[in-house]
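**Q** The following block contains the structure, expressed as structure tokens.
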Amino acid sequence: MNELLLNIDSGMVDWARAQFALTAIYHWLFVPLTLGLAVVMGIVETCYYRTRNVFWKDAAHFWQKLFGINFAMGIATGLILEFEFGTNWSNYSWFVGDIFGAPLAIEGIIAFFMESTFVAVMFFGWKKVSAGMHLASTWLTGLGATISAWWILVANSWMQYPVGCEFNPDTMRNEMVSFSDVALSPYAIDKFLHTVTSSWIIGAIFTVAVCSYYLLRNRERKLAVESMKIGSIVGLVASLLALYTGDNSAYMVAKTQPMKLAAMEALYEGGTSQGLTAFAVLPFSQPDYANNEKPAMKVEIPGMLSLLATRTTDGYVPGVNDIIRGGYTMPNGEVALSLDEKIKRGKEAITTLGEYRQMKESLKGKQATPEQEALLKAKSDLIKTNMPYFGYGYIKSADQIVPSIPLNFYAFRIMVGLGTLFILFFIINLFFLYRKDISTQRWLLMLGIILLPLSYIASESGWLVAEFGRQPWAIQDMMPTWVAVSKLNSGSVMLTFFIFLALFTTLLAVELSILAKQIKKGPEYSVQS
């Protein structure tokens, strides 16, 4: 394994990462709107089921059409993402495919078929099934999409917090030993809740934006006002839930990925009673963290970072240099190892694995002596002991384990700042919806439209923190990205990068065009209404 990886084209790593990032970013343009609109259209149809007012049926038809357009476009990018693990990341797939593949297989078998079955009933079953059955199909379509997100996020969370597995030196693979540990990891649960609630925000803002457009054009007033009420309530509830789950996320990151938290806060030297940076100016290049280069114009909230990370205002939070030096007490009570010690243990794991494999190869077809069996077991135990640091055996310097500090710092503040803005917006929107005439508040309607692209920026910023913050790891502490890639020529990946760029951009342009035409056309009202 080690000899093979030394021959990998260095450009392959960059292009494989770029292609995966491109596909993931485009895919995430479709997914949150699917999850968010599923809630809105489910509530709208529930109103029809309860009142039997044809207006609500027409409204349900309208929002389901917009949902369907977005739903169809999201499937293509999602499928390509999964194929890329086999084409561009074959070493990763071999090393942990037995674990990582399980939730993706469940997602494909259960969630995807559940979505496809009930989405067909939702679109074509209005006159073929009962109102109750149709309502159930609408909610189950959304539930299927949410379950799909659950299993994908379980797989992603395992990469950031690998649990429930053991390395088998005979097969050179990590094998699952506890499905429940993988599926019900606290990291996965919190990531799922935060991701889904943030998706509801996008669905809610999309609903408000469409309704704002109608009110600015003085058309579809009843649909706009009633749907905007639903969107604003969903958005406010989702924003508050995202705030709560985001707080839990910070706590989980502090326990499992301290370097990510240090990068998010541009914290180079940690300590107790650490403040949360509200504002600071960082250079766009990687700062001199080794010499504790202070961010300019820094404004912080005293004790808040310690509270987020340790649940006490005087708790200890390690900085970048503390993590490199080691020696501090971690949340589990153990003393953190230095980077040098982790590299030493990682190299020992790699070397011992090579010796174990050579010995097994030399004994092929032969009966091992008791001494040889004991030596093999000793080497296997040593590999198991050092496997948590296996990835550090490929690390050569501290710079390789420090993610981009400016990117994580600014992306985190964009996400949090916009999230706070969304809460204020939904509160103000609901005030005017229930106490005033919102159609006279053109500034608020314009803001509702402007917030739509900002909601996507906030969502993508969250993913940038999640993924760039864990660099250089494809699997936290276990496999760096440059070890995970396939042995391919970078030119082939570069070519498909530009093909996907053209394809996804076309898909996005087509979706926006169809959505715009459908919104401009408006709902189709029944004869009875």
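**Q** Please state the shape class of the stretch 399-529: rounded when a/c is under 1.5, otherwise prolate if a/b exceeds b/c and oblate if not, all from the C-alpha gyration tensor.
**A** Numbers: a/c = 3.69, a/b = 1.65, b/c = 2.24.
Oblate, because a/c is 1.5 or more while a/b does not exceed b/c.
**Q** Can you give me the distance in nm between label points at LEU495 and VAL281, each placed 7 Å from the Cα along the Cα-to-Cβ direction?
**A** 4.8 nm
**Q** Run the accessible area of the chain with a 1.4 Å probe and give the carbon-and-sulfur part as a rounded percent.
**A** Working: 15300 of 23700 Å².
About 65 percent, which is the carbon plus sulfur part of the accessible surface.
**Q** Take the Cα atoms of the chain, find their three principal axes, and give me the spread along each one in whole Å, biggest first.
**A** For the chain, the Cα extents along the three principal axes come out at 88, 58, 41 Å.
**Q** Arrange the residues THR51, THR138 by how much accessible surface each exposes, largest first, with a 1.4 angstrom probe.
**A** Details: THR51 80, THR138 0 Å².
Result, largest first: THR51, THR138.
**Q** I would also like to ask the following. Choose one of ILE106, LEU143, GLY393: the residue whose Cα lies farthest towards the positive end of the charge dipole of the chain (beta-carbon charges +1 Lys, Arg; -1 Asp, Glu; about the Cα centre).
**A** Of ILE106, LEU143, GLY393, it is LEU143.
**Q** I'd like the accessible area for ASP399, computed on protein heavy atoms only with a 1.4 Å probe and all protein chains in place. Round to 10 Å², please.
**A** Accessible area, nearest 10 Å²: 110 Å².
**Q** Just to make sure I understand: if all protein chains stay in place, what is the order of MET259, MET297, MET176 by accessible area at 1.4 Å, largest first? Could the numbers behind the result be given before it?
**A** On the way: MET259 20, MET297 130, MET176 55 Å².
Final ranking, largest accessible area leading: MET297, MET176, MET259.
**Q** Relative to the present Cα-Cα distance, how much length would full extension add between ALA509 and TYR244 at 0.36 nm per residue of separation?
**A** My answer for the length gained is 91.9 nm.
**Q** Which lysines, if any, have their Cα less than 25 Å from the Cα of LYS364, not counting same-chain residues under 8 positions apart?
**A** LYS377, LYS379, LYS384
**Q** Order SER249, SER239 by their accessible area, 1.4 angstrom probe, all chains in place, largest first.
**A** Values: SER249 30, SER239 5 Å².
Heavy-atom accessible area, descending, gives SER249, SER239.
**Q** OK, next. Once you order the gyration tensor axes a ≥ b ≥ c over the Cα atoms, which shape class does the stretch 148-304 get: rounded for a/c under 1.5, otherwise prolate or oblate by comparing a/b with b/c?
**A** Details: a/c = 2.77, a/b = 1.30, b/c = 2.14.
Judged from the Cα gyration tensor, the stretch 148-304 comes out oblate (a/c at least 1.5, b/c at or above a/b).
**Q** Between SER130 and VAL237, what is the label-to-label distance in nm when each label sits 7 Å out along the Cα-to-Cβ direction?
**A** 2.5 nm
**Q** What are the DSSP H helices in the chain that stretch 20 Å or more along their long axis, judged by alpha-carbon atoms, and whose average Kyte-Doolittle hydropathy comes to at least -1.0?
**A** Numbers: long enough: 10-51 (63 Å, 0.84); 54-87 (50 Å, 0.64); 90-106 (22 Å, 0.76); 131-160 (43 Å, 0.72); 186-216 (45 Å, 1.08); 221-256 (50 Å, 0.62); 339-362 (34 Å, -1.23); 370-386 (24 Å, -0.75); 405-435 (45 Å, 1.65); 442-468 (39 Å, 1.23); 490-521 (46 Å, 1.36).
The answer, listed by residue number, is 10-51, 54-87, 90-106, 131-160, 186-216, 221-256, 370-386, 405-435, 442-468, 490-521.
**Q** Could you tell me the center-to-center distance, by alpha carbons, between the stretch 240-277 and the stretch 125-179 in angstrom?
**A** 27 Å
**Q** Then there's this: How high is the FRET efficiency between ASP437 and ARG173 when r is their beta carbon distance and R₀ equals 56 Å, given to the nearest 0.05?
**A** Working: r = 64 Å, r/R0 = 1.15.
Efficiency, from the Cβ-Cβ distance: 0.30.
**Q** Oh, and also: What's the longest piece of the chain with no exposed GluC sites (Glu not before Pro), counting a site as exposed if DSSP puts it in a loop and it has at most 16 other beta carbons within 10 Å? Intermediate results must be reported in sequence, preceding the final value.
**A** Numbers: sites that count: GLU269, GLU293, GLU334, GLU524.
The longest uninterrupted stretch comes out as 1-268.
**Q** Excluding ligands, DNA and RNA, what is the solvent-accessible area per residue of the chain at a probe of 1.4 Å, expressed in Å²? List each step's numbers first, then the result.
**A** On the way: 23700 Å² over 529 residues.
I get 45 Å² per residue for this part.
**Q** Report the gain in length on full extension from SER90 to VAL225: 0.36 nm times residue separation, minus Cα-Cα distance, nm rounded to one decimal.
**A** Numbers: separation 135, 0.36 × 135 = 48.60 nm, distance 5.14 nm.
Length difference between fully extended and current span is 43.5 nm.
The values are calculated or read from the model by the stated rules, or taken from the named source; none is laboratory data. Keep in mind that this is a model prediction, so the values were computed, not measured. Virtual Cβ from ideal backbone geometry, glycine too; neighbours counted across all protein chains shown. What goes into the accessible areas is simple: the full protein's heavy atoms, side chains included, and nothing from ligands, DNA or RNA. Shrake-Rupley method; radii C 1.70, N 1.55, O 1.52, S 1.80 Å.
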